[in-house]
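Everything on this sheet refers to the single structure shown next.
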Amino acid sequence: MSELEVRGGAGGIAELDAERRHEREAYGEGALIVCDRVVRIYAGDGIEVQALQGLDLLVAQGELTAIIGASGSGKSTLMTILAGLDRPTAGTVRVDGHDLSMLSGRDRLAYRRSVVGFIWQQTARNLLPYLTGLQNVLMPMRLAGVGRRDGRRRAGELLESLGVAHCAGRVPERMSGGEQQRTAIATALANRPRLLLADEPTGELDTASAADVFAALQTANAELGATVLVVTHDPAVSGQVRRTVAIRDGRTSSETLRQDGVPGEDGSAAAVAVEYAVLDRAGRVQLPRDMIRRIGMRDRVRLAEQPDHIGVWPDRPSPPASPSPPASPSPPASPSPPASPDRPGEEA
């Protein structure tokens, strides 16, 4: 008998619907970004592409987080949805309390002007070519109705904080690629957004310029108060953030968390990185492909519940002689170096 039949007809439907609604609203309570089982399907010429396939993600206020993944994994689709430039096909996306699937056209425009800032990989897309650096930063504030004096003061402070005050009077073609991106960051921060999104902001830059742009993102986060989510293929960027989220096949697959290690004799402490598989809201885990190949897993696996963990066994006629030892309740002080968090995996 189904859950609906047990609860009894129409009354059961209402009760079940209210229960599900409460569950959705409670998930991620207090987080700035809440993605709950997000699906995005593109259809055209008789072909459907599932860019996101039930993605879950929570990001707290004040985080500086990197998103990584292979081309086609869905990370850029996620960014355009968070930016209010696209809508999910199914699931829930909330940013700073705004349900992005429910916003009207006018509300969506207000959201892009005041709640979120966005930086493209292509430097030419971020700035108006006929305006100077100062004028580009002023433009969002003028559209939001900020007074001229306050706007000029805010624009000058942003350009100074991000190290491009010397670009105030230059049009973009007279700036380097790194200067353009830092000016773009200032423009995106003009109206004090809660969230700053950057889609491969260092992808077209040399190493030195990329370092300057990432430093500007760190400034935006630590000094200017923006939560920053950056998509990157650059290990120099993903290796310097506290949290790196890997996306594969439209779902979050793993996370790498970094924290300061034990100080050495010289007083310095190298960061310790620990990689975790992500257990999503549907109970799915993507297992790293190199692990399952070594063990010989394919098609089906068997689960064995232990007091403090769940064992995953290949589908063989007889069970293993003895289960793996219980997992340590906390990571060791000096774990072995983790594998790359964007390595491909298999779902179990």
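The values are calculated or read from the model by the stated rules, or taken from the named source; none is laboratory data. Just so we're clear, the structure is a prediction, and the values are computed from it rather than from any experiment. Please note: Cβ atoms are built from the backbone with ideal geometry, for glycine as well, and neighbour counts cover all protein chains shown. All accessible areas refer to the heavy atoms of the entire protein, side chains included, with ligands and DNA or RNA removed. Shrake-Rupley method; radii C 1.70, N 1.55, O 1.52, S 1.80 Å.
Tabulated data
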{"read-out": "H309 - accessible surface, heavy atoms, 1.4 Å probe, Å² rounded to 10", "value": "40 Å²"}
{"read-out": "Gain upon complete extension [R293, Q53; 0.36 nm per residue less C-alpha separation]", "value": "84.0 nm"}
{"read-out": "Under 12 Å, Cβ to Cβ, from L195 - net charge with Lys/Arg +1 and Asp/Glu -1", "value": "+2"}
{"read-out": "Residue-level accessible surface for R243, protein heavy atoms, 1.4 Å, Å²", "value": "30 Å²"}
{"read-out": "Positive minus negative residues near G163 (Lys, Arg vs Asp, Glu; Cβ under 15 Å)", "value": "-3"}
{"read-out": "Spacing of the two label points (7 Å from each Cα toward its C-beta) at R242 and R125, in nm", "value": "3.0 nm"}
{"read-out": "Prolate/oblate/rounded call for the range 189-253, Cα gyration tensor, a/c under 1.5 rounded", "value": "oblate"}
{"read-out": "Whether the range 59-129 is rounded, prolate or oblate, judged on the alpha carbon gyration tensor where a/c under 1.5 counts as rounded", "value": "rounded"}
{"read-out": "Under Karplus coefficients 6.51, -1.76 and 1.60, residue-wise ³J(HN,Hα) of the range 81-91 in Hz, glycine/proline x", "value": "5, 5, 7, x, 8, 8, 10, x, 6, 8, x"}
{"read-out": "Cα centroid separation, the range 276-295 to the range 205-236 (Å)", "value": "30 Å"}
{"read-out": "Formal net charge of residues neighbouring A90 (Cβ-Cβ distance under 11 Å; K, R +1; D, E -1)", "value": "+2"}
{"read-out": "Built amide H within the under 5 Å cut-off of I247, gap 5+", "value": "I68, G69, S253"}
{"read-out": "Shape call, the range 102-177: gyration tensor on alpha carbons, a/c limit 1.5", "value": "oblate"}
